[in-house]
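Report on the structure given below.
Rule-based calculations on the coordinates, nothing more; no lab input. None of these values were measured; they are calculated from a predicted model. Glycine gets a Cβ as well: all are built from the backbone with ideal geometry, and neighbour counts include every protein chain shown.
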Amino acid sequence: MITTNDAQAPVTTALLPRAQAGDDRAMNDILLHIAPFVGRLCLPIAQGHSSDAAQEAMLAIFRGIRGLREPEAFYGWVRAVTVREAVRTSKRLSQGPTDDLTDRALDGNPLDTVHISDAMDRLPDQHRQVLVLRAVYGMNEEEMAATLALPVGTVRSRLHRARRNFQNAWHQQSA
């Protein structure tokens, strides 16, 4: 995952101000630099439509980069924009995020992978989304609310229901 460190300092200190000033080459270099990161973020949320989600995220980043006021917040801003666009694409194309949770089970019992995938497939899209945002991206309720453009209370209730529905689906498989 991309984090701010010395290796990325040239991106935020040299390229970002130039891109914000309208330098097309600097903008292209930034977009090429973040493309793999954006793709990895979109994959578990938008599943089979992750390339569409990544494209939407890159467009949103391109359009919004001039409004970024704090260059040191660049990677966090890219992450927030990307997750938001992946959720929008997922909603628009009626896909739910499940793959990354399934991938996380690969280290354990292979049968667990099948059970997790099956249990996640039984959940409504809105429940899969909150579970992935929590389990995969480690977002808290406020971050999920901002990403999903929902009140925090709605996110809390969806997360509670999603966990309960996942447990019910999990136990049905075990029976």
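Quick look at the values:
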{"item": "Nearest-0.05 FRET efficiency for T13 and A80, computed from C-beta distance (R0 22 Å)", "result": "0.60"}
{"item": "Cβ-Cβ FRET estimate between Q172 and Q55, R0 fixed at 41 Å, reported to 0.05", "result": "0.65"}
